[in-house]
Amino acid sequence: MRAPIFTIEYGQVADVDHSWLATELAQVFDREVIRGSSRPVPAGGFNKSRSQYLAGSFLGDLRGQAAPEAKYLGVTEVDIYSRGLTLVFGQADVGGTAAVISLARLYPEGIDGGVGVPELLRERTLKEAIHELGHAFGMMHCRDKHCIMHFSRAISDTDLKGPGFCDQHEAERLAA
Ligand SMILES: [Zn+2]
Ligand SMILES: [Zn+2]
C-alpha cells in the first residue's frame, strides 16, 4: 500500500476545510490523506523585522516527526518567506518528506478570511498544495506555465497554472 500523506495545521487554519482538501489531494496522489495533530507555528522561524516566518522552519519541524516514506503537508495562515524571496506560497524538500503552504497570500484582494471565503481561495490552496507535494514526490519546476509544477512568482501565475500536470509531470505523478 502506498504510504499516506499527512496534513498538519500550524496554528489556527479556519478558512480552508480540511476534509475537502484531503479528499482532493487523495484523488490527485492516489493515496490516503490523514489529518495529523495540529502544531504550534514554529516560534524560532519568526523574523521580527519582516513579520514573516521562515518557510524552512516548518519543514524542519515536519522532518522531525516524519515516518519513513510518508509525506507531510503543513498548512498555515501565517505569512512565510524563503531567503532571497520576498514571499512564497509554499516550500518543500524535493524528493523529501516535508512540504508547507501558506494561505496568507492566497486571499483574493479585499478578502481577509472569515465568512464567505470564496471558491478562488480554495482553488489556489489546492493548487499550491499539489505543487508542493509534487516537489516532495521528486518533481522539479516546469517551463510550461499551465503545468501545476510551474513556479509561481506571483498569484497570477497560480491562477494561470494547473491544477493538472503537463505530460511529463503527469507521468511522474502516475509513477509517484
Ligand atoms: Zn515550486
Ligand atoms: Zn510540467
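No lab work stands behind these numbers, since they all come straight from the coordinates. Values in this document were obtained by computation on a predicted structure and should not be read as measured data. Here the Cβ is made from the backbone with ideal geometry for all residues, glycine too, and neighbour counts use every protein chain on show.
At q = 0.11, 0.20 Å⁻¹ the log10 of I(q)/I(0) for the chain amounts to -0.41, -1.51, computed by Debye summation with a single uniform scatterer per C-alpha, solvent ignored.
Do any trypsin sites (Lys or Arg not before Pro) in region 132-176 lie in a DSSP loop with no more than 14 other beta carbon atoms within 10 Å, and if so, which? It would help to have the intermediate numbers written out before the result.
Values: sites: R143, K145, R153, K161, R173; in loops: R143, K145, R153, K161.
Filter output for region 132-176: R143, K145, R153.
About its Cα centre, the chain has a charge dipole of approximately 520 debye under the convention of +1 per Lys or Arg Cβ and -1 per Asp or Glu Cβ, with nothing else charged. Backbone phi angles across region 17-34, fed through the Karplus curve with coefficients 6.51, -1.76 and 1.60 (θ = phi - 60°), yield HN-Hα couplings of 6, 4, 5, 4, 4, 4, 4, 5, 5, 4, 5, 5, 9, 6, 7, 6, 10, 10 Hz in residue order; Gly and Pro are listed as x. Restricting region 1-82 to GluC sites (Glu not before Pro) that sit in a DSSP loop and have at most 12 other Cβ atoms within 10 Å of their own Cβ leaves E69. Remark on G74: its backbone amide H falls under 5 Å from those of I8, A99, V100, I101, a criterion applied only to residues 5 or more positions apart or on other chains, H modelled at 1.01 Å from N. A straight line joining the Cα centroids of region 31-93 and region 152-176 runs 21 Å.
DSSP assigns beta bridges within the chain; of those with both partners inside it, close to 25 percent run antiparallel. For region 21-73, the orientation-averaged shadow of the C-alpha convex hull comes to 4.6 nm² (one quarter of the hull surface).
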